[in-house]
Amino acid sequence: MNADTTRSTAAPAHFAVRLSATPRGARLARRLTAQQLDDWGWPYDTGANRTAALLVAELAANAVRHGGVRGRDFRLRLTLHPAAPVPALRIEVTDPRPERRPPGPGTLPPPSPEAESGRGLLLVEALASHWGTVCADPYTKTVWCETLLG
């Protein structure tokens, strides 16, 4: 059985980790994502790995910058769906600030040309197949996206 056949019949795979809500934690989230995708069969030098790492970097940076609470971590969760028609990755970043929800998909305002920030979710919207925000409880918010790996 070749790797493509194995991917198409495999059950979803999961990876989750809690990280400090600091720039170091956000960098580590990106590195751990690249490592996990390499372990799952998408090497570091592939477009799928680089795209997933960039998506995580943007979501983790937002969790640190806009969702951080002193003494509280953020959580990264990756779910690989290898049995989809095209393998897909769901990325979830959960932070402790449910009251600070970003604008929804398709409603992101363009940043001013002089702004030094404000483009992260525009990148997520451009690179992900879809994305959104969920507040499943009164204490956390999860910003998620999905990307195709094939």
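Please state, rounded to one decimal and in Å, the Kirkwood hydrodynamic radius that the chain gives when every pair of distinct Cα atoms enters the mean of 1/r.
About 15.8 Å, per the Kirkwood formula over Cα pairs.
Could you pull out which residues in the range 28-69 have an amide N less than 18 Å from a spot 7 Å beyond the Cα of Y139, following the Cα-Cβ vector? Within reach of a label on Y139: 67-69. Nonpolar atom fraction for the range 58-150, defined as the carbon and sulfur part of the 1.4 Å probe accessible area, stands at 54 percent. Taking the Cα centre of the chain as reference, the dipole from Cβ charges on Lys and Arg (+1) and Asp and Glu (-1) amounts to some 500 debye.
Packing-based ranking of 125-132, 88-95, 141-148 yields 88-95, 141-148, 125-132, ordered from highest to lowest mean Cβ neighbour count within 10 Å. Extending 7 Å from the Cα toward the beta-carbon at both A126 and L148 defines two label points whose distance is 1.9 nm. Taking label points 7 Å from Cα along the Cα-to-Cβ direction, R101 and R70 give a separation of 2.8 nm.
For the full complex of protein chains and a 1.4 angstrom probe, list V17, V124 by accessible area with the highest value first. Please list the in-between numbers first.
Values: V17 35, V124 0 Å².
I get V17, V124, largest accessible area first.
Straightening the chain between A16 and A83 buys 22.1 nm, computed as 0.36 nm per residue apart minus the Cα-Cα spacing.
For the chain, the solvent-accessible area of protein heavy atoms averages 55 Å² per residue (probe radius 1.4 Å; ligands and nucleic acids excluded).
The values are calculated or read from the model by the stated rules, or taken from the named source; none is laboratory data. The shown structure was predicted, so the numbers you read here are calculated from the model rather than taken from an experiment. A quick note on method: Cβ atoms are made from the backbone with ideal geometry, for glycine too, and the neighbour counts reach across all protein chains shown. Surface accessibility is based on the protein's heavy atoms, side chains included, excluding ligands, DNA and RNA. Shrake-Rupley method; radii C 1.70, N 1.55, O 1.52, S 1.80 Å.
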